[in-house]
Amino acid sequence: MSKARLALALCCLLTAALCGCQTAKKIGAEFDPAQRPEQQAYLAVIEPDLAQAQDHDGVAMVMNAAALPLNAAVRQAQIQRRVAAFDLGPKAQAQAQAEAASALAKFHDVILSLYVPEDKWNNLASSEPTFVVYLQTPDGRKISPLDRRRLTRRTAIDEALYPFWGPWSKLYLMRFGLNDGDGKPLLAEGQNTVDLVISGAPGTLRLPLRLR
């Protein structure tokens, strides 16, 4: 084979390889939910509100937590993510909007992912949890949750909505009232943030949350 033909053949092979790589990347993006535009748009919304922290005893990890407040912006982004995933029609979208508005009018909901090395200590939904969880306001008030519920379903849409849910962590819904035990609003006028505190004998974490 002449040098010219060899060069042409190598060029063709290189072009085919590059095309193959581009096709592979395109297919990979189509099948990887984290790369899809609708997922990227969702992540862009929740990232500013997602709080994450770790507690260590020396080099040993005591716990690792991530918390996402279901404020108005996050709830709207979740609705849009479901619309993109399931091609929801106007009726289903209206129902989702109504449910979100109803929840926002009654509660401050927080999704919490928690990992601790001892699985038996990861029991926030039990009657005698290892860790207590509460919200602490800027003026020092401590508000306990009205409901502590473990979420166990791991469908594709759940993992898309809660990408911080690690394979070894447990996911919880922490539901707080709009007011404290004395009927005083949890958030004063002009306030948006509180601290979510996870505290127990193994250690303590404090995560700042924007509730609205």
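Can you find, among ALA53, ASN179, ALA156, the residue farthest towards the positive end of the dipole of region 33-210? Put +1 on the C-beta of Lys and Arg, -1 on that of Asp and Glu.
Positive-end residue among those listed: ALA156.
Test of understanding: express the Cα radius of gyration of region 33-210 as a ratio to 2.2 N^0.38 Å, with N the residue count. Intermediate values should be presented prior to the final figure.
Values: Rg = 16.7 Å, N = 178, 2.2 N^0.38 = 15.8 Å.
Relative to the rule-of-thumb radius for its length, region 33-210 sits at 1.06.
GLU38 versus ALA92, label points 7 Å from Cα toward the beta carbon: distance in nm?
Modelled inter-label distance: 0.9 nm.
Need the full-extension length gain, LEU178 to ASN192, defined as separation in residues times 0.36 nm minus the C-alpha distance. One decimal, nm.
3.8 nm
Work out the length of the dipole vector of region 33-210 about its Cα centre, built from +1 on the beta-carbon of each Lys and Arg and -1 on the beta-carbon of each Asp and Glu, and round it to the nearest 20 debye. Show your work: numbers first, answer last.
Values: 19 positive and 19 negative charges, 89 e Å.
The dipole magnitude comes to about 420 debye.
Relative to the compact globular guide of 2.2 N^0.38 Å, what is the alpha carbon radius of gyration of region 85-178, as a ratio?
That works out to 1.27 for region 85-178.
Values in this text are rule-based calculations from the coordinates and carry no lab data. All values derive from a computational prediction rather than experimental measurement. As a convention, Cβ positions derive from the backbone with ideal geometry for all residues, glycine included, and neighbour counts pool all protein chains shown.
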